[in-house]
Each structure stands twice: as C-alpha cells, then as structure tokens.
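First the structure, in the form of structure tokens, and then the observations on it.
The values are calculated or read from the model by the stated rules, or taken from the named source; none is laboratory data. Keep in mind it's a predicted model, so treat the numbers as computed, not measured. Backbone-built Cβ (ideal geometry, glycine too); neighbour counts: all protein chains shown.
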Amino acid sequence: MNTRLVRIAAVAVLLAAQASLHAQDKPADEASTTAMPAASLPYSRFASPQARDKFAQLLAETREGKGPNPADLADQRRFYQRYNDERLREVERIYRSRVQSTRMGGVPVQVVDPEGGARDDNVHRVLINLHGGAFMWGAGSGALVEAIPIAAVAGMRVVAVDYRLAPEHTYPAAVDDVEAVYRELLKSYRPENIGIYGCSAGGALTAQATARLLQAGLPRPGAIGTFCGSGMPFGGDSAILGQLAVGAAPMPADGELRLPYLQTAKADDPVAYPGQSPELLARFPPTLLLAGGRDFSVSALTTMQRRLLAAGVDAELVVFDGLWHAFFVFPDLPESKEAYGLIARFFDRRLGRTALEGAVGN
C-alpha cells in the first residue's frame, strides 16, 4: 500500500440500518453514532512535500509499534526523553541561542536568549513557555525544542518553565508553578510586555495559568498562545477522526482524554477548564490558537476559539491542513518555520514595549 495513504479501520459500532430503525430506543450517544466503512485517506495536497514524507515515516513507525509502552510510565519517559533530545539536536543545527538554567519564584526555569541577545525593541518584553508532554514528561530538552526557535525568530527572551509533573504532582501544582514564575517576572517586566504560550499539555496549562492569574487579581499578560491544546477538555470529533487520520486508535467513546494530572480537578473548576467559564474568558488577553488538521486537539481548540470570540476576546485560529499533533517540534518542516513566524509576529503585534519604571536591567 502507498505509505502516503492512511488506512482507516472499519468502526462497526452500529449498522446504519439498525441505527435508523432503533435510534429512538438507544441512549443519545449510541443513537447518534455513525458506522464508518473502511476507506483510504489520501494525504493533503495542501501540505508540503517534506510534511508528506515525515508523515509517511511517522505512520510507518506507528504501524511497527515503535512507540513506548502506554502502561509503563518509566518507559514513556525514557522514550520521550530520547525523542526530545533528538528534536533538540535538530533545533540547535538551525537556531542559535544562549540558555541559562536558574530558578524564578523557587521554580526551575531555563532562560533562553537569541544569540546576541534580544532585539533592541524587545529588551523590555519576555515570553513564558510551558512545554508539552501530557503533564508527565517534556522538561529539559522538550521545553527547549519549543523555546529556542521562538526566541531566535522573535528576537525575544523566552523563559521555559520546568513545572512539576504528574503523577507525582497533580493539579494545581503546575498552575502554582507558573503563577510563581509570573509573579517573579512582574518585578522586572510590565504585564502587557509578558506573553505566555505552550503546546499540547502546555497549551492547556497556558489557559489554566491565565485563568489563575485573573482569578488571583494579578494583571493579565499581554497575550497568550495555546497550541495543540486549550482551556477545553480534549474531545469531540477530532479525538476520533484525528486519531484515525494518523493511523492511531481513537480515544474513548465519549471522546474525552483523561490526563492523570487532572484527576484531582473538579469538572466545574474554572481554572482547570476555563473554556467553560464565559465570565472568566471575557477577561482573557488576545489569544493565538494553532494546531494541525489531523490533531486530536482540533475540536477542543476550535470550540475554545468560538467561546473566546463570543466573550469578546480577540482570538486568532490557524490550522495547518494535513499536519499532526505538535508537528512543529520538527524544525526542518516548512510548516514549522511558518508556525514560528506566525507565533513571533503575533506576540510582536500584541505585546507592549514600555520599560517597567524603576526595574533593574534584564
């Protein structure tokens, strides 16, 4: 079979005729289930040749079972450590930076500056990066993969936060860590000059941290970016269709991905799930939402954008057709480079430049 095609497995939950005849006798979720025939999904003609080749490679690895054991956390952490280390070597071949490990507000961070320092018009601005990794891995090299390209392309300092991870630490530990770093940065930067962004779990954490800062009465940041994750629970059509489109098993029938980190969060907690609080969303800063078209997070992301827009927030959405979850960790892809540029320009437009009066040098 052509490796550029994705073989979608048959989903025989209900026969179409049975669904039609007996829908009134079935629970709402089962009655609305659609039987799917086996089919082949061609790869997007809007994606780059490089993305097509990378997708074929990743699909082949998935079919060969080269991923970690999902039931073994230690194996997952070893796998993603190697994975992130490989991505970091790729990033460092393209983008130059200076990295310093330190602590802010008692939280370990990596301060990433473009080689040669921030551009003159960016010396009073800073970005906070919250790495992905299901809230269970991604610190260190994983954070730098997300921070270095943005620091280099934006010409701006990025502070990558090594927040506490689950299952050792559950909600709201990571939110607490981001708040502590933000409070420390407020001593040197005006709030409108601070941006926050993250990918996957980091995208969800960005929304959570923003909600916490507002709830705590702190000044809101100038802008945020929630990439491949948002302030909504993962779920919806993309939790099924997005998974099938990358050759992976669909998520549970209810479509919601339950993360160990959030097991201690209540469903009605507006910090854990800010997308469910219109009052809180109305206070959010300008937001950039970004993902790939075959990303399981797309449904949550697009729903979050609609809710932000309904709340009167300036919310921009960018979806890269054919691309997968967290695709921009591969720095050689044209779409990744485009994404870095979009992110850099968004924060350049939205953040202020005025120095904090009496602040020490950055």
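Would you confirm whether any residue within region 27-50 is modelled with pLDDT under 95, among the aliphatic types (A, V, I, L, M), in a helix (DSSP H, G or I) and surrounded by 11 or more Cβ atoms within 10 Å (Cβ to Cβ)? Scanning region 27-50, I find at least one residue that is modelled with pLDDT under 95, among the aliphatic types (A, V, I, L, M), in a helix (DSSP H, G or I) and surrounded by 11 or more Cβ atoms within 10 Å (Cβ to Cβ), so the answer is yes. Filtering VAL271, VAL313 for residues that are over 17 Å from CYS199 (Cα atoms), without any contact (Cβ under 8 Å) to a residue 60 or more places away in the chain and part of a loop (DSSP other than H, G, I, E, B) leaves a single hit, VAL313.
So in region 69-96, with the set limited to residues that are surrounded by 13 or more Cβ atoms within 10 Å (Cβ to Cβ) and either modelled with pLDDT under 95 or hydroxyl-bearing (Ser, Thr, Tyr) (or both), which one is nearest to ASP332 (Cα to Cα)? Here the answer is TYR95. The residues listed here are ALA211, ALA152; of these, the one that is touching a residue at least 24 places away in the same chain (Cβ under 8 Å), closer than 29 Å to ARG93 by Cα and buried (at least 20 other Cβ atoms within 10 Å of the Cβ) is ALA152. A count restricted to region 112-161 and to residues that are assigned to a helix (DSSP H, G or I), under 19 Å from LEU342 (Cα atoms) and not hydrophobic (A, V, I, L, M, F, W, C) stands at 4.
Would you confirm, using the coordinates I've provided, whether GLN110 is at pLDDT 95 or above, within 30 Å of TYR189 (Cβ to Cβ) and crowded, with 21+ Cβ neighbours inside 10 Å? Against the criterion (at pLDDT 95 or above, within 30 Å of TYR189 (Cβ to Cβ) and crowded, with 21+ Cβ neighbours inside 10 Å), GLN110 qualifies.
Scoring THR170 on the criteria (1) part of a strand (DSSP E or B); (2) of a type in the set (Val, Ile, Thr); (3) surrounded by fewer than 20 Cβ atoms within 10 Å (Cβ to Cβ) leaves a single failure, condition (1).
Being buried (at least 24 other Cβ atoms within 10 Å of the Cβ), at pLDDT 95 or above and in the same structural domain as GLY236 (by TED's automatic domain parsing) holds for only one residue in LEU317, LEU281, LEU333, and it is LEU281.
The one condition from (1) out of contact with any Lys or Arg (no Cβ under 8 Å at 6 or more places or on another chain); (2) at negative phi that VAL246 does not meet is (1). For region 173-206, a residue qualifies if it is more than 24 Å from LEU342 (Cβ to Cβ) and small (Gly, Ala, Ser), and the qualifying residues are ALA173, ALA174, ALA180, SER188.
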